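A.B. asks: My structure is below; once you've seen it, I'll send some questions.
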Amino acid sequence: MTDYSKLYDERQKRFEDAVALRKPDRVPMIVMPEYFPARLSGYSIKEVMYNPEAMSQAWLAYHEKYQPDRADNPFRIRGFGSLLEVYDFQHLKWAGHGLPDNMAYQFVELELMKPEEYDHFIHDMTDFMIRRYWPRVNKSLAAFEKLPPFNSEISYLFGLYGPVAFLDPEIRKAVETVGRAAEECAKILASGRALGMKYKELGFPPSSGALTQAPFDTLSDFFRGTKGLMVDLRRRPDKVMAACEKLMPVMLEVALRSTKASGCPIVFIPLHKCMDTFMSQSQFEKFYWPHLQQLLQELIKNDRIPWVLMEGVCNDRLNSFRNVPEGKMVWHIEGSDIRKAKEAFKGVACVRGNLPVSVLVTGTPDDVRAECKKLMDLMKDDGGFIFDTGVNIGDASIENVDAMYEYVREHGAY
Amino acid sequence: MQDLINAVVELMEEEALELTKKYLGDGKSGKEVFEAYQKGMAEIGARFEAKEYFVPELILSGELMQAGSELIKPYLSAADSAADEKKLGKALIATVEGDIHDIGKNIAGMMMDIAGLEVKDLGVDVPTKTIVEEAKNWQPNIVGLSGLLTLAYDPMREVVEGLKAAGLRDKVKVIVGGGQTDEHVCKYVGADIFATDAMVNVTYAQKWLGGK
Ligand code: B12
């Protein structure tokens, strides 16, 4: 009989050893499966997005088949079809809502904050969120745009009559929508917790306990849009700086809070907009890195483990990225040169990555084994390495994923 | 018009547009003023390659070029537009169906334009049929397909099959581009080359078309 709690401890130690730059028993292996488990179990993406039983079953089957070192809990950002519907959510297109049933959801870039709204955001972010941002990103809350500001609802001299706004039938309806959203949230979170317990029983620690971002990325992805923020860097740099400073404590808090609630100290931080071509080194050093560095330092000080995915090519940034406390975090490489990363992070941080996912999608199992060998020969060394792909394996062929896991299992021992 | 060229290169929008109006008002031909913009763009491209300029500068220069062109257009004669056509060759570019990433494609397009290719950009999330139809009608020398998602591989492959079915495959070079392309993808799609940087294709274009 399998001793699952022993398995759990072994996996935990394997990961911790790699992070602390010690030599584990073998190379830890974790990949981001996206919706691959649905396909593996014969479900469409739409089915798992809406049906929690199907989702749990498919994800358990994936983990039992491949035995990755940490578990992917998909509910919060993949099993949320019903919640997106309640919101009439505008930032995504998804199966049945603008996309075919078997396509992974896709982000839609929107300029939800106009250039002239920086001051509102900086002055009172919460007010901006409730009366401007939510109504725009959630169409069913559009009526909140009509709400008055509530900062002057102060005791009896100014403050008793604000709620009259809620007589507006559209605003009332929007408030009811929030109630329905609450119910959907509770269901999805409960499914996530149940799956998490199941993983634990089967010996799989979770992949991450929180997600956060570099403030510049949040501002770019969700408020100004990629191009909008790039233009702002030249046209209104002071506003960009002030907004990033405003966001910094928010991004830290959310990570601390979620990791505390989930009990898993790993914080996933995907980097989107600091690639070599996206800004000059001096812009990077001014607008991007200080807040990210501070975020990492604070997280580490609080015993959290940042797992940072450097999306795209960030070779020119490695020299800055290496200025972090030793043996406390993971740098996940995608398109950057992994040799350079290995060099830069030697004795500093664990490197994770970066089997090219192209080979998993378009190659043969032999091609896959050859690429795995190349990567392992280069990176296995004396520890400090986690095997992963560069991007998620959503579109990979099953036989190629089989070949990848088999290869690393066979050749991973130290 | 060195002051206009400089204003374009330094991305001083207001000054560049003022100077454009001034020169056109002073009787310079639309063609001459446009050439100043082109010289400016060439320098901007060079600075991008030299890592002195980055994507934000390219986006701004694109906007400036657009605004400048609007001012210049009424001053361009039909003869000027025709003269513009004796370019190195024609490139049709698009981001394939299902994918909306366009930053890389736009850069590649800009670089090809600067290098003297006539570029037609079909935009993002472009259906296979549209690309193949356009290739039939417009007869480009190069078809450049951009895609950053792994789900873009199949649409790219379908475009190549479409070009074959239309009897065009031998007449065009197909380049696939985007961070997730490599030799595996190139082979799978049936493209001639893959490009993970915007200059690769310029170099190839010059090689393929330069001799003709
Ligand atoms: C910015 C970005 C976005 C922006 C795009 C903004 C825009 N207008 O383009 C936004 C936020 C909208 C976005 C959305 C999404 N994205 Co995105 N995105 C990126 C990111 C971080 C950078 C892309 C980029 O612009 N790079 C910079 C340019 C300059 O580089 P490039 O495109 O490679 O282009 C160069 C060369 O490749 C070449 N080139 C490119 N095209 C062409 C064409 C020709 C003809 C030639 C010659 C050359 C050439 O020249 C260029 C200049 O050097 C990448 C990370 C990455 N590794 O690329 C993820 C990435 C591409 N995105 C990804 C994902 C998953 C998504 C979403 C699906 C997210 C989601 N779940 O909703 C959506 C999809 C939307 C859609 N339908 O397409 C994944 C793809 C993974 C996968 N398995 O497919 C990536 C790889 C991130 C990751 N590591 O997971 N994204």
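A.B. asks: From the list B:Lys164, B:Lys187, B:Lys173, B:Lys136, pick out the single residue that is charged (D, E, K, R), under 16 Å from the mean Cα position of the chain (by Cα) and not assigned by TED's automatic domain parsing to the domain that holds B:Leu58.
C.D. replies: B:Lys173
A.B. asks: Let me ask something else about it. Which one is farthest from the ligand (Cβ to nearest atom) among residues in the range A:31-48 that are away from chain B (no Cβ under 12 Å) and of a type in the set (Val, Ile, Thr)?
C.D. replies: The selected residue is A:Val48.
A.B. asks: Please tell me if B:Ile100 is away from every other protein chain (no Cβ under 14 Å) and either within 16 Å of the ligand (Cβ to nearest atom) or of a type outside the set (S, T, N, Q) (or both).
C.D. replies: no
A.B. asks: Hey, can you tell me all the residues within the range B:35-58 that are in a helix (DSSP H, G or I) and crowded, with 20+ Cβ neighbours inside 10 Å?
C.D. replies: Passing the criteria: B:Ala36, B:Tyr37, B:Gly40, B:Met41, B:Ile44, B:Gly45, B:Phe48, B:Val55, B:Pro56, B:Glu57, B:Leu58.
A.B. asks: Then there is this: Assuming B:Lys120 fulfils every condition listed in (1) more than 8 Å from the ligand (Cβ to nearest atom); (2) crowded, with 22+ Cβ neighbours inside 10 Å apart from one, which condition is it?
C.D. replies: All conditions are met except number (2).
A.B. asks: Would the range A:372-384 turn up any residue that is under 26 Å from B:Ala195 (Cβ atoms) and either within 11 Å of chain B (Cβ to nearest Cβ) or within 16 Å of the ligand (Cβ to nearest atom) (or both)?
C.D. replies: There is no residue in the range A:372-384 that is under 26 Å from B:Ala195 (Cβ atoms) and either within 11 Å of chain B (Cβ to nearest Cβ) or within 16 Å of the ligand (Cβ to nearest atom) (or both).
A.B. asks: Cβ contacts < 6 Å: first residue without any contact (Cβ under 8 Å) to a residue 24 or more places away in the chain, restricted to the range B:182-199; second residue away from the ligand (no atom under 12 Å from the Cβ) and β-branched (Val, Ile, Thr), any location; separation 6+ or different chain. Result?
C.D. replies: Pairs that qualify, where the first residue is without any contact (Cβ under 8 Å) to a residue 24 or more places away in the chain and the partner is away from the ligand (no atom under 12 Å from the Cβ) and β-branched (Val, Ile, Thr), are B:His184/A:Val359; B:His184/A:Thr362.
A.B. asks: I'd like the residue in the range A:90-132 that is under 20 Å from the mean Cα position of the chain (by Cα) and among the aromatic types (Phe, Trp, Tyr) and, out of all such residues, is farthest from the ligand (Cβ to nearest atom).
C.D. replies: By that ranking, first place goes to A:Trp94.
A.B. asks: Among A:Ala190, A:Ala182, A:Ala186, A:Ala210, which is the only one that is under 20 Å from A:Asp72 (Cβ atoms) and exposed (fewer than 13 other Cβ atoms within 10 Å of the Cβ)?
C.D. replies: Going through A:Ala190, A:Ala182, A:Ala186, A:Ala210 in turn, the sole match is A:Ala190.
A.B. asks: Can you find a residue in the range A:63-71 that is surrounded by fewer than 19 Cβ atoms within 10 Å (Cβ to Cβ) and under 19 Å from A:Arg193 (Cα atoms)?
C.D. replies: yes
A.B. asks: Here's another thing I want to ask about it. Any residue at all in the range B:153-174 that's within 11 Å of the ligand (Cβ to nearest atom), aliphatic (A, V, I, L, M) and within 12 Å of chain A (Cβ to nearest Cβ)?
C.D. replies: yes
A.B. asks: List every residue pair whose Cβ atoms sit under 7 Å apart, with the two residues 6 or more apart in sequence or on different chains, where the first one lies in the range A:93-114 and is facing chain B (nearest Cβ under 9 Å) and the second, anywhere, is of a type in the set (Val, Ile, Thr).
C.D. replies: Listed by first residue and then by second, the contacts come to A:Met103/A:Ile45; A:Ala104/A:Ile45; A:Glu109/A:Thr226.
The values are calculated or read from the model by the stated rules, or taken from the named source; none is laboratory data. Note that this is a predicted model, so its numbers are computed, not measured. Glycine also receives a Cβ, built like all others from the backbone with ideal geometry; neighbour counts cover every protein chain displayed.
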